[in-house]
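To keep things clear, I will list the structure first and then write my remarks on it.
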């Protein structure tokens with residue numbers, strides 16, 4: 001799925017390059033007829049729009065799926081120790097204790 | 001039972017137990033934020049190229065960028081299947097985050113494409 005979306009994105013980018021090349025050719029044509037440049041020709045605008053749509057879809061699909069952040073959802077059930085043993089975070093019942101913000105060092 | 005298979009799906013940001021959603025899986029949250037960032041940056045670049053080829057100058061380009069970001073937000077909300085709270089902790093993250101960072105990429109590629117298509 002990611003590879004298909006990637007090819008779609010590359011294809012969209014190629015369409016954009018082709019549209020850029022068409023616009024450059026159009027501008028050199030305008031230089032010959034000495035007209036002003038107001039907007040690219042209609043088919044270039046359509047091409048840009050299609051390229052933008054394809055890249056839009058690819059941009060939303062290629063980076064991957066969203067993962068649920070609920071700690072109790074069914075897809076978050078597997079628990080494993082973190083690779084770095086120096087920093088481990090646990091979800092234990094200590095969270096019901098109120099947070100004491102005025103702890104002082106007893107000496 | 002538990003093995004060293006990858007990093008832990010552990011939790012962070014616990015509260016005093018009143019609000020359930022304050023405890024969430026931070027690693028997945030970060031992964032979701034990365035996805036949003038990549039999507040927005042890529043679309044800013046593509047939008048910059050399109051704006052440059054179309055010949056937008058001045059305010060029209062920024063309006064185009066705002067429209068593009070609005071559509072991106074819509075697309076991201078649709079990707080999250082409209083239930084934001086399953087994947088993020090607040091609406092701001094999916095709607096507003098990455099807006100200004102993408103703006104710089106947009107302007108860069110906008111000027112780049114405009115130069116290539118219209119000046120040289």
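Assorted remarks:
- Tally of residues being within 14 Å of residue B:35 (Cβ to Cβ) and within 7 Å of chain A (Cβ to nearest Cβ) across region B:53-75: 1
- Any hit, region B:77-98, residues being facing another protein chain (nearest Cβ under 10 Å), surrounded by fewer than 17 Cβ atoms within 10 Å (Cβ to Cβ), assigned to a helix (DSSP H, G or I) and modelled with pLDDT of 80 or more: yes
- Boolean, residue A:68 is surrounded by 13 or more Cβ atoms within 10 Å (Cβ to Cβ), more than 19 Å from residue B:43 (Cβ to Cβ), modelled with pLDDT of 75 or more and within 24 Å of the chain's Cα centre (by Cα): yes
- In the set B:14, B:31, B:73, only one residue is surrounded by fewer than 21 Cβ atoms within 10 Å (Cβ to Cβ), outside any helix (DSSP H, G or I) and modelled with pLDDT under 90; that residue is B:14.
- For region B:34-51, a residue qualifies if it is more than 14 Å from residue B:93 (Cα to Cα) and either modelled with pLDDT under 85 or facing chain A (nearest Cβ under 8 Å) (or both), and the qualifying residues are B:42, B:43, B:46, B:47, B:49, B:50.
- Residue that is farthest from the other protein chains (Cβ to nearest Cβ), among those in region A:31-48 that are surrounded by 13 or more Cβ atoms within 10 Å (Cβ to Cβ) and either modelled with pLDDT of 85 or more or under 29 Å from residue B:84 (Cα atoms) (or both): A:47
The values are calculated or read from the model by the stated rules, or taken from the named source; none is laboratory data. As the structure is a computational prediction, the values presented were derived from the model and not from experiment. As a convention, Cβ positions derive from the backbone with ideal geometry for all residues, glycine included, and neighbour counts pool all protein chains shown.
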